[in-house]
1. Would you work out the relative contact order for the range 152-262, in percent, from Cα pairs under 8 angstrom that are 6 or more residues apart?
2. Efficiency by 1/(1 + (r/R0)^6): what FRET value for residue 86 and residue 138, r their Cβ-Cβ distance, R0 = 41 Å, to the nearest 0.05?
3. Relative to the present Cα-Cα distance, how much length would full extension add between residue 258 and residue 195 at 0.36 nm per residue of separation?
4. Taking the Cα centre of the range 92-139 as the origin and placing charges on Cβ (Lys, Arg +1; Asp, Glu -1), which of 109, 134, 98 is farthest toward the positive end of the dipole?
5. Here is the link list: 86/139; 47/71; 47/105; 71/227. Which ones come out longer than 28 Å on Cα distance?
6. Between the range 215-246 and the range 150-197, what is the C-alpha centre distance in whole Å?
7. Tell me the label-point distance for the pair residue 61, residue 27, using the 7 Å Cα-to-Cβ offset, in nm and rounded to one decimal.
8. Could you give the size of the charge dipole of the range 114-189 about its Cα centre, using +1 on the Cβ of each K and R and -1 on the Cβ of each D and E, expressed in debye and rounded to the nearest 20?
Amino acid sequence: EASIHLFARAARLGSRYILVVAEDHTEAHRLDDVRRDFIANISHELKTPIGAVGLLAEALAEAANEPEQVKRFANRLTTEAQRLAKITQEIIELSRLQAQDAISKRELLNVDHIVASAIDQNRVMADARKVNLVSGGDKGAEVYGDEPLLIIAVHNLITNAVHYSPDGSRVGVGIRNADGIVEIAVTDQGVGIPEDDLERVFERFFRVDQARSRHTGGTGLGLSIVKHAVQNHGGDIRVWSRPGYGSTFTIRLPEASHAATTTGSTSTKE
Ligand code: ADP
């Protein structure tokens, strides 16, 4: 508010110098707000599992003489602990990605290998849900980048596709290499995303359906990590979706022979 006031006064006075100062001030405020929001979100997200761990530990102590109860509480304690570990790991990953404009590691990478690794990591979960996980498209595409990071990006899209789809449905991962751009598209036949929420799904901690996402172990950070990982590679991510029909998330990366060779020059920011 102070900066808007200053901005209005400077505009009235017609002072160019003060105007510039006011703009800087506004940007600094915005970054402060973003940081404050992030910390408030993290605290909120951690509160529930930490509270649950406390309650379960108490219940465990009280149930000491009932082996069945002990087993049940211990299992739930393990689930909450795993959830805390996952949130913490994703927060670290995301802060690391946000802190740097571009990835420091740039190796020549085979896209088939990235997709195959991400599919392998999701195979057990897909099989358990009888989801048919298939891949296809152009072979031999190459990009420059950080392989583990790109595998995480594709992995997160596949995990979501399986998560938000019915048992027995199909999830396809397609590679397209044309006009200097490599596209990796993950398509599902799942619940889809309402149009009003489409833009927001890449925001940190955003979930279309809080209860459903929490139930399936979602943190609301997966797509935010994908977006930053891809942007740090000079690429972008797009989404198409129709509620009741399914969704397609498409990662687009500069093909190796078209990519800028200097780190950072192709990165895009919000
Ligand atoms: P989460 O850990 O909750 O899955 P994400 O950041 O990965 O968090 O996704 C954000 C939200 O976007 C999810 O909670 C879900 O509502 C929605 N979403 C993501 N992928 C899909 C998909 N393939 N189909 C339907 N909804 C999806």
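1. Result for the range 152-262 is 33 percent.
2. Calculated value: 0.80.
3. So the chain would gain 19.3 nm between residue 258 and residue 195.
4. 134
5. Exceeds cut-off: 86/139; 47/105; 71/227.
6. Their Cα centres are 9 Å away from one another.
7. Going from the residue 61 label point to the residue 27 one covers 5.3 nm.
8. Once rounded to the nearest 20, the dipole reads 340 debye.
The values are calculated or read from the model by the stated rules, or taken from the named source; none is laboratory data. Keep in mind the model is a prediction, meaning the values are calculated, not measured. In this analysis, Cβ positions are derived from the backbone assuming ideal geometry, glycine residues included, and neighbour counts consider all displayed protein chains. Calculation scope for accessible area: heavy atoms of the full protein, side chains included, ligands and nucleic acids excluded. Shrake-Rupley method; radii C 1.70, N 1.55, O 1.52, S 1.80 Å.
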